[in-house]
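J.: Take this structure first; my questions come after.
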Amino acid sequence: MSEVDAGVTNNSLTVKFFVYLLLIAGALTMAIPYVWMLVTSIKPLSEIQSYPPSFIVRNPTLEPYRDLFKMIPMMRYLANSLFAAGSITLFNVFATSLAAYAFAKHKFWGRDKIFLLFLGSLMIPWQVNIIPGFVIVKQLGWLNTYKGLIIPSMACCAFGIFLNRQYIYSIPDDLIDAARIDGCSEIRIYWHVILPLIKPVLATLSIFTFLQQWNNFVWPLVIIHTSDMRTIPLALAVLTGQFGANFAMVMAGAVISTLPMLVVYLLFQKYIIKGITMTGLKG
């Protein structure tokens, strides 16, 4: 190896070292709040109020978690959030993939204009839709119901259509033509040809949609009036207001609300990168 090649190699290793060092520092910085949340949730009150604060737990306790489930119906709130977020996610994944297949592989009058209309809806701030949405839900008699909580959010599917359409557009037309020659209907082509090929982008969209709906605070706050219909974000707000002095119980609630999102992300994290990198921006 020549001196020039050796110098280039050393420079490359130095750059990689500093890049990895920066990434590790960034990861640790972002992890500190979550570690502090978990540590505080198992601390007794005396250690929480001690100064200076410490990450070390000398006398760990699960009393905050027991108090949490005793003071508020946490399981009910978890079930509400899981039902709402899960229903919206399943509908959006199916509906957006079906619409994206039509936009990507079928030619019809006004296709591009309708697609641009969907893209244009992404530029409208979501705050603009709160008052009209509330008026519609009230006139339909859906206030404080699962229908009012779930159905309006199902209409927010423009991003999913865009993501699926870009992915489906890259699928060779020969596969679809071969299926048509074999006598497959459009539904069978969608089910047996398109869906198996777009699993990565569907998994990515499912994660994004689920996390967004799980953390949705404003819309449930607007239409939910009774405690039995509250979702996790509303429960955390009530918990902070009523038991704000009990820091351990508040942190225990935050830990429990984070667990489903963490599990979903850890199970499907590989699909996030694969789905985004393979989607592309063709067409």
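J.: Among (i) 143; (ii) 222; (iii) 166, find the value of volume of the Cα convex hull per residue in Å³ that was calculated from the structure presented, and write down its label.
T.: Among (i) 143; (ii) 222; (iii) 166, the one calculated here is (ii).
J.: So what is the diffusion coefficient of the range 125-177 in µm² per second by Stokes-Einstein at 25 °C and 0.890 mPa s, using a Kirkwood Rh over Cα pairs?
T.: Estimated diffusion coefficient is 180 µm²/s.
J.: Report the one residue of Gly110, Gly160, Phe91 whose Cα lies farthest in the direction of the positive end of the charge dipole of the range 63-279 (charges on C-beta: Lys and Arg +1, Asp and Glu -1; origin at the Cα centre).
T.: About the Cα centre, the residue reaching furthest to the positive side is Gly110.
J.: Okay, next question. Going through the range 53-108, which trypsin sites (Lys or Arg not before Pro) have at most 14 other Cβ atoms within 10 Å and a DSSP loop state?
T.: Answer in residue order: Arg58, Lys107.
J.: Additional query: Which residue, chosen from Asn215, Gly183, Leu205, occupies the Cα position most advanced towards the positive end of the dipole of the range 165-217, where the dipole is computed from +1 (Lys, Arg) and -1 (Asp, Glu) charges on Cβ about the Cα centre?
T.: My answer, from the dipole projection, is Asn215.
J.: HN-Hα J couplings of the range 116-129 from phi, Karplus 6.51/-1.76/1.60, θ = phi - 60°, integer Hz, Gly and Pro as x?
T.: Values, residue by residue: 5, 5, 5, 4, x, 5, 5, 7, 7, x, 5, 5, 5, 8 Hz.
J.: Which ³J(HN,Hα) values, rounded to whole Hz and listed in residue order, are derived for the range 104-115 from phi using the Karplus coefficients 6.51, -1.76 and 1.60 in 6.51 cos²θ - 1.76 cosθ + 1.60 with θ = phi - 60°, glycine and proline given as x?
T.: Each residue's phi maps through the Karplus curve to give 8, 10, 10, 9, 8, 5, x, 4, 5, 5, 5, 5 Hz.
J.: Among Ala27, Ala235, Ala84, determine the one that fluctuates most according to a GNM of the chain built with springs between C-alpha atoms less than 10 Å apart.
T.: Ala27
Since every read-out is calculated from the coordinates, none of them should be taken as a lab result. Being a predicted model, the structure only gives us computed values, none of them experimental. We place every Cβ from the backbone using ideal geometry, glycine too, and count neighbours over all the protein chains shown.
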